[in-house]
Structures are given as structure tokens and as C-alpha cells.
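Comments concern the structure below.
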Amino acid sequence: MRMKVSRVKEREGILVVQINLIEQQVKKLQRFMNDEMDSLLSQLQHLRELEVMKEVPLQREPRKVKLNSWEHIPDVLRVKDIQTILGIGNMQAYALAKSGEFHYIHIGNRILVPKPGFIDWLEGKE
């Protein structure tokens, strides 16, 4: 009988140890899950803030250039400058420069346009 009682107590001891180990694992898992939830909630909040920022238009400073002021462009324009000013493609800018609509200078492979002639053409003065 004493042997049976001893075995029962031994088994109870093993069960208590196993229960304690499982409880520790559950607590560890709970901490991990809480950390993961905090991380996910933080990421979600960040994404929501980005979404709100996307909806709010950016405030840009107004340009310092006066309307109809050509001080910001060079005295002699390259085709690339004309392309940028007019917002057209490279081929269109070359075709426009060679069209005779305004005076240009051909030096080697380069096409240069004096600023006054280009501005007069652009403003419709010629």
C-alpha cells in the first residue's frame, strides 16, 4: 500500500511540474502575442497616418518668379531649355526651333536661340 501511495505522490509531483511548465509556456506565449499585437497596432496606426497625409494636399510655396518675367531663363536658350519651358518633348522642341518661328543660331550640332526672339514669339509679338 505504501508503494502505491508513493507512486501516486510521485505521479502527482510529475503532474504538478508539467502543469507549471505548461503555465509558464502559456504566459510566455501571452507575452509574445501581446508584443505582436502592440507591433501590429503600431504599424496600423502608422499606415492610417500615412493615408490621412495622402488626403491632405501639400502646401507648396508660391514661385518667386513674377508673371511674364523671364529673368529666370538664360540669355541664350538651348533646345533642352525650350523643351522644359514649354513642357514638350525633345523631338517637338527641335522641330519648333527649326521651324523658323523664331531666330536661332546653328553652331556645329548645337541649336541656340536668343532669349529676346523666343520671348517675343512666345508672347505673340512677332
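The values are calculated or read from the model by the stated rules, or taken from the named source; none is laboratory data. Small disclaimer: the values here were computed from a predicted structure and weren't measured. Note that each Cβ is placed from the backbone with ideal geometry, even for glycine, and that neighbours are counted across all protein chains shown.
So residue 112 fits all but one of (1) assigned to a helix (DSSP H, G or I); (2) modelled with pLDDT of 90 or more; what number is the exception?
Only one criterion in (1) assigned to a helix (DSSP H, G or I); (2) modelled with pLDDT of 90 or more is unmet by residue 112, namely (1).
Before we move on, is residue 98 closer than 14 Å to residue 70 by Cβ, surrounded by 12 or more Cβ atoms within 10 Å (Cβ to Cβ) and more than 36 Å from the chain's Cα centre (by Cα)?
The answer is no for residue 98.
If a residue has to be more than 16 Å from residue 69 (Cα to Cα), of a type outside the set (Val, Ile, Thr) and free of Cβ contacts under 8 Å to residues at least 12 places away in the same chain to count, how many in the range 105-126 make the cut?
So the count comes out to 3.
Considering 11, 31, 2, which residue is modelled with pLDDT of 85 or more and not hydrophobic (A, V, I, L, M, F, W, C)?
31
Output the residue which, of all residues in the range 91-107 that are of a type in the set (A, V, I, L, M) and over 16 Å from residue 121 (Cα atoms), is modelled with the highest pLDDT.
If we take residues in the range 91-107 being of a type in the set (A, V, I, L, M) and over 16 Å from residue 121 (Cα atoms), then 91 is modelled with the highest pLDDT.
Only one of 88, 82 is of a type in the set (A, V, I, L, M, F, W, C), surrounded by 11 or more Cβ atoms within 10 Å (Cβ to Cβ), in a loop (DSSP other than H, G, I, E, B) and at pLDDT 90 or above. Can you tell me which?
88
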